[in-house]
Structures are given as structure tokens and as C-alpha cells.
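A short worksheet on the structure shown next.
The values are calculated or read from the model by the stated rules, or taken from the named source; none is laboratory data. In this text the structure is predicted, and so the values were computed from the model without any measurement. Note that we place each Cβ from the backbone using ideal geometry, even for glycine, and neighbour counts take in every protein chain shown. Quick note on the areas: whole protein, heavy atoms, side chains included, nothing else; ligands and nucleic acids left out. Shrake-Rupley method; radii C 1.70, N 1.55, O 1.52, S 1.80 Å.
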Amino acid sequence: MFFVNIWFDISNSPHINMFYDLIKELESEGHKIIITSRPLANTVELLDQSGLKHTIIGDHYGKNFYKKLFGYPVRVLQLKRFLKRHKLDLAVSQSSFHSPLVAKLLGIPSIYTNDNEHALGNLPSFFFATQILIPENLPIKNVTKNGVSKKKVMQYPGVKEGIYLWKKGMEINDRKKSIDNSTFEIYIRPEPLTAQYYNGKQNFLDDTICTLQNKYRITVLARDKTQLEYYKQEKFSKVNVPEKSLDFETIAINCSLFIGAGGSMTRELAILGIPTISVYQDNLLEVDKYLIAKNLMKHEPDITPDIVENYIKMISNKTPESEIMVKGKMAYELLKQEILKYDI
């Protein structure tokens with residue numbers, strides 16, 4: 001086997017869980033890994049907690065379309081300047097809109113995975129990527145409709161979250177059983193305010209949180225400093241708002257009910273069998289529709305305290321979804337196999 005120099009651009013916090021085990025396994029086999037990141041949401045803090053060595057390149061330009069448009073080529077050039085001395089063989093990313101173009105400029109192939117068909121950044125990414133991996137529930141036509149070659153699109157089994165949860169699922173479930181669960185804990189992840197694809201309402205969870213805090217232990221997982229400050233208001237006085245990011249396993253083990261306004265964490269906890277309500281306000285992704293159809297989570301965009309209370313009366317903790325876990329292992333092995341095709 002030849003060793004590969006692989007670049008991972010981890011541009012958002014969910015990508016850390018997705019690639020952590022894969023990166024560690026590739027490193028243990030002798031492959032060289034270069035990781036770049038950017039200061040979006042909790043990405044840098046969680047990378048530091050994980051122990052993955054990374055270099056922060058560029059910035060995040062908020063939700064404003066024109067700022068994003070300006071910032072896109074800036075970070076592309078910053079990445080190219082940093083990476084050109086590393087003699088890379090391959091670029092790998094999940095929803096990093098910069099990675100495929102940077103790889104093209106560096107003259108190296110790229111693998112681009114994505115499960116959010118509504119993100120505008122997919123347009124250049126799909127076009128410049130050497131290979132595109134999408135979950136089986138996302139139709140290939142959604143990728144190829146803008147002129148992308150069908151030959152470079154591959155569907156992997158299951159959903160993205162299964163790629164990394166297949167190893168951790170049963171371990172988390174066993175640890176969850178061993179703790180004192182007499183306190184009903186609700187974890188809430190608010191809306192992604194800075195995401196380009198999000199056009200839903202803001203702060204729509206306030207009434208629900210203010211009412212439920214008098215009866216349940218509630219932890220709000222703020223996405224950034226703005227949300228952190230917002231949930232420190234007096235009206236949320238009984239709510240726990242961690243200053244530092246909590247690791248995923250801590251959340252999963254202690255969570256009795258998860259309410260998420262979009263993003264990977266909502267799907268992750270649903271797949272683990274933890275009662276989950278998605279309150280996402282915009283067009284649902286195909287992967288979300290798939291999980292709802294399998295009765296792994298509920299979708300309640302017009303959430304109220306009564307809806308939550310009624311759901312609590314009905315719920316029971318389940319074990320991790322076995323079919324998705326099996327497919328997750330298959331998808332993990334497929335992704336690694338595709339990466340190692342580029343050993344030269």
C-alpha cells in the first residue's frame with residue numbers, strides 16, 4: 001500500500017464527529033492528514049476538545065448573501081496559499097463549499113459528500129468535485145439537474161449520521177442505561193441563524209422554553225456567542241446555557257428529549273433512539289423526511305408547550321436504529337475505500 005496525503009476541510013462542527021474515527025484510522029495506517037477549519041459555530045472549540053490538530057484558515061461571513069459572496073473567493077485563495085506546500089494527493093470534505101474548488105486549483109482530486117440539497121454552495125462544489133457521495137434517500141437527479149455529470153455521483157447506504165454513529169451507538173445506549181435517569185432532561189438546539197439555507201423564524205422557541213423551564217431541566221445548546229447572550233436573559237433564568245460546547249456523548253447520555261431547529265444533531269439523536277422533535281422552519285431535507293417516515297423523529301414546526309407535554313406522555317426510549325447502524329458501517333467502509341483508491 002502507498003501512503004496518501006489527505007486534506008480534510010472541517011468547516012462546521014458536525015463534520016468533526018463524521019470524520020474523527022476515519023481520520024484516526026487513516027493516521028494509524030500511516031497516511032498523512034492535514035486538517036483546516038474555520039471559526040463557525042462551535043467548530044474550533046470542538047476540534048480542540050477532540051485533540052485533532054488543525055489550522056484555522058479564513059473566517060465565516062455570517063448570513064448576508066453579499067458578504068458570503070465576497071468571502072468565498074477570499075477563503076479559497078487563503079486555503080490554496082496554505083496548502084500548496086503540503087504536496088497533497090486528495091481533498092475530502094462534507095459540505096465544504098471551498099474544498100472542491102481549492103482542490104481543482106491545486107491540481108488534486110476531491111471527494112465531496114453532502115446531504116443538504118438546499119444549500120447554494122453545492123453548485124460550485126458539485127461542479128468542481130471529482131467525486132460526489134450522497135445518501136441513498138437523496139435522488140441523484142437533485143445533483144445532476146444543474147449539469148453535473150451523473151458518472152461522478154455515488155449514493156452511499158443509509159444516512160450521513162450513520163457513517164460515524166455505527167461505532168458509538170450501542171456504547172452510548174449502554175452508558176445511558178447505567179446512569180440515574182430520574183430527572184427528565186430536555187436539550188434544545190435553536191435555529192441556525194447564520195446559515196444561508198435557513199429562512200425560517202427566529203426565537204420562536206421562547207414561549208415553549210419559558211413555560212417548560214418551570215417543570216423540566218432544560219439545556220439550550222447555543223450555536224454562537226449571539227445566541228449564548230440571548231439565552232442569558234432573565235426570562236430564561238431556570239435554563240442551563242453552557243458557556244463551553246458539550247461533547248456529543250455527554251448530550252446523548254443525559255438527554256431524555258431533544259428538540260432541534262435543524263442540523264445534524266437532531267438527526268444524530270433520533271438515530272440513537274432518543275425521543276426527538278424537529279422544529280425546523282424551512283423546507284425539509286430528504287434525509288429528514290426519511291427519518292420522519294421511519295417514525296424516528298417528529299416534525300412540529302409550530303411547537304407549543306402542550307405539544308411537548310403530550311409527546312412526553314407518549315415517548316419511550318428506544319435502542320439505536322439497527323438498519324441505519326448496519327448501513328452506516330457499510331457507508332463508512334465505502335467512503336474509506338473510495339479515499340484509498342487515490343493512493344499513488
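For residue 212, state whether it is hydrophobic (A, V, I, L, M, F, W, C), within 27 Å of residue 300 (Cβ to Cβ), touching a helix residue (DSSP H, G or I) at 6+ places or on another chain (Cβ under 8 Å) and at pLDDT 95 or above. Walk me through it before giving the result.
Working: hydrophobic (A, V, I, L, M, F, W, C): yes; within 27 Å of residue 300 (Cβ to Cβ): yes; touching a helix residue (DSSP H, G or I) at 6+ places or on another chain (Cβ under 8 Å): yes; at pLDDT 95 or above: yes.
So residue 212 passes the test.
Going through region 1-45 one residue at a time, which ones are in a helix (DSSP H, G or I) and farther than 29 Å from residue 221 by Cα?
25, 26, 27, 28
Here's a check for you: in region 55-71, which residue that is in a helix (DSSP H, G or I) and touching a residue at least 40 places away in the same chain (Cβ under 8 Å) is nearest to the chain's Cα centre (by Cα)?
68
Examine region 273-296 for a residue that is closer than 22 Å to residue 116 by Cα, open to solvent by 50 Å² or more (accessible area, probe 1.4 Å), touching a helix residue (DSSP H, G or I) at 6+ places or on another chain (Cβ under 6 Å) and not charged (D, E, K, R), and state whether such a residue exists.
The answer is no; no qualifying residue exists.
Charged (D, E, K, R), surrounded by 23 or more Cβ atoms within 10 Å (Cβ to Cβ) and under 18 Å from the mean Cα position of the chain (by Cα): does that describe residue 161?
Here the answer is yes, as residue 161 does meet what is asked.
Give the residues of region 73-95 that are crowded, with 22+ Cβ neighbours inside 10 Å and assigned to a loop (DSSP other than H, G, I, E, B), sorted by residue number.
First, pick out the residues of region 73-95 that are crowded, with 22+ Cβ neighbours inside 10 Å: 75, 79, 83, 90-95.
Hit for region 73-95 is 95, nothing else.
So which residues in region 117-132 are of a type in the set (A, V, I, L, M) and either open to solvent by 10 Å² or more (accessible area, probe 1.4 Å) or more than 12 Å from residue 144 (Cα to Cα) (or both)?
119, 120, 123, 129
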